[in-house]
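K.L.:
If you scroll down you'll find the structure; I have some questions about it.
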Amino acid sequence: MSITNYLGGFMKKIILAICILSVSFFLMSCQEPSTSYEIIVEIPDYIYKGDKLQIYPISENLSDRFTYSSSNLDVATIDKFGNIHALSIGTTTIKITNSTKDTYEKELNVLPIPGVEGIVLSAVSESDDLFYVGKVYEVTLDFLPERSYDSDVRYSYTASFVDFDDKTGQIKFSKAGTFNLTAYLASDWQTQTTIEFEVVYSDEVEAYNLLFIGNSLTKYTYNIPTFIYEMLRADDVVVNFLLDSTTPQWIIDHEINFNFLINKDQYTHVFLQEYSNGPILDYEKFEDAVVLFDEKIKAQGAKTVLYQTWGYNYEDTLARDNMTNQLGELYEQVATKIDATLSPVGYAFKRVSQNHPEINLYQDLNHPSLYGALLSAYTHYAVLTNRSPLENTWIHPDLDETIMTILKQAAHDTVFTS
């Protein structure tokens with residue numbers, strides 16, 4: 001072998017070695033140095049059996065990823081998203097590992113749910129701690145201490161004007177007044193709480209609580225208040241009514257029962273209907289009774305409605321109309337004196353009798369037939385709501401549609417165009 005060939009081969013080996021060393025150095029320089037990142041996370045010392053909790057670990061490495069494990073899966077599990085579920089009473093260790101194999105461990109105790117020592121009812125009211133008739137409110141039940149629980153809670157209340165759903169906690173009132181709702185444990189009735197609701201009427205919700213003071217012209221042949229109730233229900237408004245069950249003819253003879261009823265409830269309107277020809281026979285007696293009752297009605301916050309009746313069913317229509325006019329004038333006179341609302345049913349009778357004599361509004365001399373009772377109800381409805389009965393959707397099952405429209409139109413014209 002010549003010296004030239006030898007030196008050439010040697011140089012090739014040297015060059016190859018240098019290249020290998022250069023590549024190795026380059027590759028080593030590209031590798032990141034081994035780094036440790038602290039895991040930062042908040043895990044409580046304890047949770048209660050049945051609790052679910054998600055943890056959110058972080059580190060200085062913004063792209064760090066974490067894996068999770070629980071040392072005792074019978075006590076608590078943890079999934080790949082960091083969701084812990086406490087299954088049974090005991091202790092487990094939650095371990096977190098990041099991308100650089102750093103770890104964080106925390107002992108977690110699962111405790112039994114504490115026993116109930118007390119319960120609290122609450123509800124968010126309107127201003128001044130008032131609740132409005134017709135609105136829906138949420139009643140919240142809380143247990144003491146916090147996290148205690150009892151599935152068997154009973155509720156107690158006696159008012160019929162309350163609609164309460166013990167599953168959802170929703171409560172709604174159909175009348176004004178003071179109402180108490182009590183909650184107690186089935187296992188220990190002495191563990192109980194009561195919340196008081198002060199319920200009032202408001203302009204936000206259309207609501208009626210009606211009291212009728214009258215005689216057989218209000219309730220004898222047909223129950224006129226029931227018709228009004230059905231009409232208002234068809235309008236989807238809140239409505240209740242009470243009819244004086246006693247049978248005196250004159251308003252003043254209802255005084256004892258009226259005093260009891262007016263203090264028993266909070267009404268929006270009180271209807272007063274006098275003996276059929278009472279205002280003509282003894283106007284002073286009629287006026288004095290209305291004034292006396294009106295003072296108590298207004299003191300309670302309600303409105304007085306005078307139920308103007310009609311003339312007797314004389315064969316002489318002129319005599320009948322004259323009696324209706326005379327009654328109307330006397331009712332108007334006392335309504336003006338006490339600033340009461342007048343429901344001009346008598347004038348509606350006169351209108352129908354004159355324009356549609358084929359429609360018999362009378363059962364006998366003075367009591368209304370079905371048509372007369374419905375005409376009364378339509379008139380009262382228009383006065384109460386300031387809406388036309390023509391717009392109301394309630395239909396009496398025994399009423400001919402043509403006659404119904406005539407009666408509604410007559411009530412509308414009497415209240416709104418006379």
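Bear in mind these aren't lab numbers, they're just calculated from the coordinates by the rules spelled out. Since the structure is predicted, the reported quantities are computational estimates derived from the model, not experimental observations. No Cβ is skipped: glycine too gets one built from the backbone with ideal geometry, and neighbour counts run over all protein chains shown.
K.L.:
Is the shape of region 118-165 best called rounded, prolate or oblate, per the rule: a/c under 1.5 gives rounded, else a/b larger than b/c gives prolate, else oblate, with a ≥ b ≥ c the square roots of the Cα gyration tensor eigenvalues?
P.N.:
oblate
K.L.:
Under a point spin-label approximation (7 Å from Cα along Cα-to-Cβ), what is the ILE113-SER36 distance to one decimal in nm?
P.N.:
Once both label points are built, they end up 4.3 nm from each other.
K.L.:
If I fit a long axis through the Cα atoms of helix 224-234 and take the longest principal axis of the Cα atoms of the chain, what angle between them do I get, 0 to 90°, rounded to 10?
P.N.:
30
K.L.:
While we're looking at this one, here's another question. Place the peptides 204-210, 301-307, 406-412, 318-324 in order of packing, highest mean first, counting for every residue the other Cβ atoms within 10 Å and averaging per peptide.
P.N.:
The densest-packed peptide leads the list: 406-412, 301-307, 204-210, 318-324.
K.L.:
Which distance in nm do the two modelled labels at GLU126 and ARG387 give, with both placed 7 Å along the Cα-to-Cβ direction?
P.N.:
Label-label distance for GLU126 and ARG387, simple model: 1.9 nm.
K.L.:
Taking only Cα atoms and a 10 Å spring cutoff, compute GNM fluctuations for the chain and point out the largest among PRO344, PRO368, PRO397.
P.N.:
PRO397
K.L.:
Separate question: Scan (i) 0.97; (ii) 1.01; (iii) 1.45 for the value of Rg/Rh (Cα atoms, Kirkwood Rh) calculated from this model and give just the label.
P.N.:
Calculated Rg/Rh (Cα atoms, Kirkwood Rh): the matching label is (iii).
K.L.:
Here is a further query. Using only Cα atoms, find the angle between the long axis of helix 401-416 and the longest principal axis of the chain, and express it within 0 to 90 degrees, rounded to the nearest 10.
P.N.:
With both axes taken from Cα atoms, the answer is about 80 degrees.
K.L.:
Any of LYS80/LYS167; LYS135/LYS303; LYS219/LYS298; LYS49/LYS167; LYS175/LYS298; LYS135/LYS219 with alpha carbons more than 26 Å apart? Name them for me. Don't skip to the answer; put the middle values down first.
P.N.:
Details: LYS80/LYS167 35 Å; LYS135/LYS303 22 Å; LYS219/LYS298 24 Å; LYS49/LYS167 24 Å; LYS175/LYS298 17 Å; LYS135/LYS219 32 Å.
Listed pairs above 26 Å: LYS80/LYS167; LYS135/LYS219.
K.L.:
Please report, in cubic angstrom per residue, the volume enclosed by the convex hull of the alpha-carbon atoms of region 46-111.
P.N.:
70
K.L.:
Okay, next question. Please give the peptides 255-262, 99-106 ranked by average Cβ packing (other Cβ atoms within 10 Å per residue), highest first, as a rough proxy for protection.
P.N.:
Taking the mean over residues of other Cβ atoms within 10 Å, the ranking is 255-262, 99-106.
K.L.:
So what is the 222 nm mean residue ellipticity for the chain from helices alone, if each DSSP H run of at least 4 adds -39500 (n - 2.57) and you divide by all residues, rounding to the nearest 500 deg cm²/dmol?
P.N.:
-10500 deg cm²/dmol
K.L.:
Rounded to the nearest 0.05, what FRET efficiency do THR193 and LEU318 give with R0 = 56 Å and r taken as the Cβ-Cβ distance? Could you check?
P.N.:
Approximately 0.20, to the nearest 0.05.
K.L.:
May I ask for the angle, rounded to the nearest 10°, between helix 283-299 and the longest principal axis of the chain, with both axes built from Cα atoms and the value confined to 0 to 90°?
P.N.:
10
K.L.:
May I ask what percent, to the nearest 5, of DSSP beta bridges between residues of the chain are antiparallel? Could the numbers behind the result be given before it?
P.N.:
Numbers: 45 of 68 bridges.
Among the beta bridges of the chain, antiparallel pairing accounts for roughly 65 percent.
K.L.:
Moving to a separate point now. Can you return the lysines within cross-link range of LYS106? Criterion is Cα-Cα under 16 Å, with same-chain partners fewer than 8 residues away left out.
P.N.:
By straight Cα distance, LYS106 reaches LYS95.
K.L.:
Another question about this same structure. Sort the following peptides by mean Cβ neighbour count (other Cβ atoms within 10 Å, averaged over residues), highest first: 54-66, 348-360, 377-389.
P.N.:
Highest mean packing first, the order is 377-389, 348-360, 54-66.
K.L.:
Then there's this: What translational diffusion coefficient, to the nearest whole µm²/s, does region 200-262 have by Stokes-Einstein, given a Kirkwood radius computed over alpha-carbon pairs, a temperature of 37 °C and 0.692 mPa s viscosity?
P.N.:
Reported coefficient: 253 µm²/s.
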